[in-house]
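**Student:** Next up is a structure, given as structure tokens.
The values are calculated or read from the model by the stated rules, or taken from the named source; none is laboratory data. The shown structure was predicted, so the numbers you read here are calculated from the model rather than taken from an experiment. Every residue, glycine among them, receives a Cβ derived from its backbone with ideal geometry; neighbour counts consider all protein chains shown. What goes into the accessible areas is simple: the full protein's heavy atoms, side chains included, and nothing from ligands, DNA or RNA. Shrake-Rupley method; radii C 1.70, N 1.55, O 1.52, S 1.80 Å.
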Amino acid sequence: MSEIDTSPVTKVRPKTERPKLHKVILVNDDFTPREFVTAVLKAEFRVNADTANQIMMTAHRKGVCVVAVFTKDVAETKATRATDAGRNAGYPLLFTTEPEE
Ligand code: TYC
């Protein structure tokens, strides 16, 4: 006896969403010395002197600058460590994080 297969042929495509990346943002202030900011950028974010200076000057002129993007955990850890480096030296240096759109 011949049977007709009436099962649906819809394919299940498993959703594998990429975890959202998070920006680390450097916030300007009036007290932290420029050289200190660039030193923290080099140490924590492994950027060279030129890049560190560009990031620092952008924050200095515009108020904020995106340093880099990472997974949420890494972004938060780096922002905290960099902010703590400023606090330990008595500066109000601030790094924040925010999810990318
Ligand atoms: N505005 C600071 C100064 O003139 C330097 C500075 C730049 C501080 C960027 C913080 O995120 C910053 N000494």
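**Student:** Could you check the spin-label model distance between VAL9 and THR58? Points 7 Å from the Cα along Cα→Cβ, value in nm.
**Tutor:** Going by the 7 Å Cα→Cβ label model, 5.0 nm.
**Student:** Which whole-Hz couplings ³J(HN,Hα) result when phi for each residue of region 14-19 is put into the Karplus expression 6.51 cos²θ - 1.76 cosθ + 1.60, θ = phi - 60°, listed in order with x for Gly and Pro?
**Tutor:** Result, rounded to whole Hz: x, 7, 10, 6, 5, x.
**Student:** Using the Karplus curve 6.51 cos²θ - 1.76 cosθ + 1.60 with θ = phi - 60°, what ³J(HN,Hα) values do you get for each residue of region 77-88, in whole Hz, with x for Gly and Pro?
**Tutor:** Listing the rounded values in order: 5, 5, 4, 5, 4, 5, 5, 5, 4, x, 4, 4 Hz.
**Student:** I've got another one for you. Taking only protein heavy atoms into account and a 1.4 Å probe, give the accessible area per residue of region 51-101 in Å². Before the final figure, lay out the partial values.
**Tutor:** Numbers: 3140 Å² over 51 residues.
Ligands and nucleic acids excluded, the result is 61 Å² per residue.
**Student:** Per-residue HN-Hα couplings for region 32-48, Karplus 6.51 cos²θ - 1.76 cosθ + 1.60 at θ = phi - 60°, whole Hz, x for Gly and Pro?
**Tutor:** 5, x, 4, 5, 5, 4, 5, 5, 5, 4, 5, 6, 8, 10, 6, 9, 7
**Student:** Right, next: Would you compute the Debye intensity of region 52-101 from its alpha-carbon atoms alone, equal scatterers and no solvent, and pass along log10 I(q)/I(0) at q = 0.19, 0.20 Å⁻¹ to two decimals?
**Tutor:** For the requested q values the scattering log ratios are -0.68, -0.75.
**Student:** Rounded to whole Å and ordered largest first, report the semi-axes of the equivalent ellipsoid of the chain derived from its Cα gyration tensor (root of 5λ). Please report the intermediate quantities before stating the final value.
**Tutor:** Values: eigenvalues 448, 30, 24 Å².
Here the semi-axes work out to 47, 12, 11 Å.
**Student:** Something else: Given labels modelled 7 Å from the Cα in the Cβ direction, how far is it in nm from GLU101 to ARG34?
**Tutor:** Calculated label separation equals 3.2 nm.
**Student:** Would you mind checking which residues have amide H under 5 Å from LEU94's amide H? H placed 1.01 Å from N; only 5 or more apart, or other chain.
**Tutor:** Amide H neighbours of LEU94: VAL27.
**Student:** Could you name the lysines whose alpha carbon sits less than 30 Å from that of LYS11, not counting residues in the same chain fewer than 8 places away?
**Tutor:** Partners found: LYS20.
**Student:** Remind me, what semi-axes does region 17-59 give for its equivalent ellipsoid, largest first in whole Å, using sqrt of 5 times each Cα gyration tensor eigenvalue? If you can, show how the numbers build up before the last one.
**Tutor:** On the way: eigenvalues 101, 33, 14 Å².
Each semi-axis is √(5λ); the values are 22, 13, 8 Å.
**Student:** Taking LYS15 as the anchor, which lysines have their alpha carbon closer than 21 Å to its alpha carbon, excluding any fewer than eight residues away along the same chain?
**Tutor:** Straight-line reach from LYS15, under 21 Å: LYS72.
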